[in-house]
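Asks: Pasting in a structure now, in C-alpha cells, and then I'll have a few things to ask.
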Amino acid sequence: MAKKEIKDIFYKSDCLHFRGDLPCKPHKEFGYKCESCNVYIKTNKKILIIKLGAIGDVIRTTPLLEKINQVYPNSDIWWLTQYPDILPREINKILPLNLESILLIENTDFDIVYSLDKDLPAVSIAKKVNSKEKYGFILENGKPAPINELAKHKFYTGLFDDVNKQNQKSYLEEIFEICGWEFEFQEYKINLESNRKFEFNNDNKKIIGLNTGCGDRWVSRLWPDEYWIELIQKLQKENYYPILLGGKQEDEKNKYFVERTNVYYPGNFNLQDFISLVNHTDIVVSAVTMGMHLATALKKPLILMNNIFNKYEFELYNRGEIIEPKNECMCFFSAKCKNDEYFCLDSLKPDEILNAIKRHI
C-alpha cells in the first residue's frame, strides 16, 4: 500500500506568530491554521538590538522597546545579549551570545539594527549583519566607530574623561538619541518570572533594602563596613526594617553585618529570585550596581550612592535621590581609588543616607 503523501500546505511565514521550527502559539492553543487563522499579524519590520552587557546596561536599555513598538508596531524584535534571562519575554527572539546566534544573525536580513555596545564583539557582529538601516556603533579598521552623527555624542563621552564630566545627558537620553529619538521617560522592562514569596517579621515596618556590594572590580565604590553597620543600627532604632541584599560576592560581608547588628539577611539567590526579593522592599539603598538598575525597573525609590561617575548619567524617574561624598573624588571611572590622602566615600556619612531614606520613604 502506497504511503500517503502530504500535499503542500499553505502557510504565512510573514506572520508575527510564525516559528518555522515549531507550531505557533495560536495553533497549539486553538488549532488555527494559516488559511483560516483570525489572529494573523503581518510583520512590519525585522529589528535587531545588539546590547551584550553589562547586565545593568542591558536593563537600562530596555526602555527602547516601548518606543520601537510605538514607531514600528507589529515588528519582529530580536535582541542579542550576554544576559538573556533579564530581558522581558515580549521580545520575539532573545538570543544568547554564542556561535549559533551569530550564525543565525549573519544569515538573516534585517530592516533595522541598533548596535548599542562599543566593545569589539558587538561592533564586529554589527559590521557583518545585513540590514537596510544601522544605528549606533560598528567596526572600522579593527576598532569601534560611530555609524553616523547620531552616535557621536555617546562615542565621545566614552573616549575622553573631560568630555564625560561636562556631559549633562543621561544614559537613556544618549541611547535614544543614537536611535534618532528623544527620551520621554519610558520605563525599564525586565523578566519577572519568579513568584517567590519572602516572609518578613517586620510588623508592618517599612522594608529598607540595603544593597551592600558593588562587585570585586570597582572597589572605589565600596562604602565602609562600619558605615553600613551604623546605618543599620540607626534604621533599627528609627523603627524601620532593614534587610541585606547582595550576591555571592557580598555573602561573607552580609553575614558579618548580621553578627554585628542582627539585621535580616535572607541569603543570596539566582537572578529571578533576587528580583523577587528586591520587589518586596519599600526603598533601596545602593551603589551603582545591578541592584540599582533592578530597583529602578521595579519602580522602587532609590537612594543611589555615587562617587566615580557623572551623576547626570543616571535616571531615577523622580523616585529617589543621588547622594555623593563631600570630598572630591579623584578616581573618575576608575576601579580603584587614586587619592593617597583620603578615600572619598569616607566623607559620605550614614546620617546623610538615613535622612535621604526619610525624605523618600
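Asks: Work through the residues other than S75 whose Cβ is under 15 Å from its Cβ and net out their charges, Lys, Arg +1 and Asp, Glu -1.
Replies: With Lys, Arg at +1 and Asp, Glu at -1, the neighbours total -1.
Asks: Now, a different point. How big is the range 46-178 along each principal axis, measuring the range of its Cα positions in Å and listing the largest first?
Replies: 40, 32, 26
Asks: Neighbouring Cβ atoms within 10 Å as the yardstick, rank D340, D273, D76 fewest first.
Replies: In increasing order of surrounding Cβ atoms, one gets D340, D273, D76.
Asks: Considering the Cα trace of the range 108-162, what is its radius of gyration and what is Dmax, both in angstroms?
Replies: Gyration radius and largest Cα-Cα distance of the range 108-162: 11.2, 40 Å.
Asks: Got a sec? Charge dipole of the chain, +1 on Cβ for Lys and Arg, -1 for Asp and Glu; which of Q186, I229, M305 is way out at the positive end?
Replies: Q186
Asks: When N is the residue count of the range 1-116, what does its C-alpha Rg come to as a fraction of 2.2 N^0.38 Å?
Replies: Normalised Rg, Cα atoms only: 1.26.
Asks: Using DSSP loop states and a limit of at most 11 other Cβ atoms within 10 Å to flag chymotrypsin sites (Phe, Trp or Tyr not before Pro), what is the longest stretch of the chain containing no flagged site?
Replies: Value returned for the longest uninterrupted segment is 186-361.
Asks: Let me ask something else about it. How far is helix 225-237 tilted off the main Cα axis of the chain, in degrees rounded to 10, range 0 to 90?
Replies: Approximately 80 degrees, to the nearest 10.
Asks: What are the radius of gyration and Dmax of the range 156-254, computed over its Cα atoms and given in Å?
Replies: 19.0, 51
Asks: Treat every Asp and Glu Cβ in the chain as -1 and every Lys and Arg Cβ as +1, leave all other atoms uncharged, and give the resulting dipole magnitude about the Cα centre to the nearest 20 debye.
Replies: 960 debye
Asks: Turning to a different aspect of this structure: Write down, largest first, the equivalent ellipsoid semi-axes of the range 207-360 in whole Å, where each equals the square root of 5 times an eigenvalue of the alpha-carbon gyration tensor.
Replies: 22, 17, 16
Asks: Right, something else. Considering the Cα positions of the chain, please state its Rg to one decimal place and its Dmax as a whole number of Å.
Replies: Considering the chain through its Cα atoms, Rg and Dmax are 23.6, 92 Å.
Asks: Angle between the Cα long axis of helix 350-360 and the longest principal axis of the chain, 0 to 90 degrees, nearest 10?
Replies: The helix 350-360 is inclined about 50 degrees to the chain.
Asks: While we're on this one: What residues have an amide H closer than 5 Å to that of I303, excluding those fewer than 5 places away on the same chain, when H is modeled at 1.01 Å from N in the peptide plane?
Replies: Amide H neighbours of I303: V284, V285, S286, E321.
Asks: Could you please report the charge total around L294, scoring K, R as +1 and D, E as -1 over all other residues with beta-carbon less than 15 angstrom from its beta-carbon?
Replies: Charge balance near L294 sits at -2.
Just so you know, all these numbers are worked out from the coordinates, no wet-lab data involved. Source: prediction; values computed, not measured. All Cβ positions, even for glycine, are placed from backbone atoms using ideal geometry, and neighbour counts span all protein chains on display.
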